[in-house]
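The values are calculated or read from the model by the stated rules, or taken from the named source; none is laboratory data. Just so we're clear, the structure is a prediction, and the values are computed from it rather than from any experiment. For neighbour counting, all protein chains shown are included, and Cβ atoms are generated from backbone atoms with ideal geometry for every residue, glycine included.
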């Protein structure tokens with residue numbers, strides 16, 4: 001699909017624990033509506049506590065968050081069952097925040113990993 005000088009191919013897959021977003025973007029020019037796409041990954045520290053953890057991932061200066069995915073992981077990086085009470089972009093689009101907890105029956109250390117899709121976004125005039 002061609003959108004104002006931008007070729008965009010997106011594949012979105014939903015998993016039981018969150019959203020995985022794979023996107024291929026080629027901007028023909030830096031002034032395209034969506035340019036300089038990148039994925040920023042953040043993780044919390046491992047904890048044995050059963051309480052929620054919070055993670056905020058910020059986009060690089062000049063870029064805005066377009067979407068995000070998350071997982072609750074054990075100490076080996078394996079996916080555990082998790083629950084989320086908050087998962088939203090910041091008010092200005094500069095990042096994403098999640099509050100999540102380990103909801104599995106398996107005890108042990110866990111952490112949150114979140115990936116945020118960031119890009120330079122041109123404003124549209126309608």
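For this structure, a couple of remarks:
- Considering residues of the range 60-75 that are touching a residue at least 40 places away in the same chain (Cβ under 8 Å), surrounded by 16 or more Cβ atoms within 10 Å (Cβ to Cβ) and over 12 Å from residue 115 (Cβ atoms) only, the residue nearest to the chain's Cα centre (by Cα): 64
- Residues that are in a loop (DSSP other than H, G, I, E, B) and at pLDDT below 85, drawn from the range 31-46: 31, 32, 33
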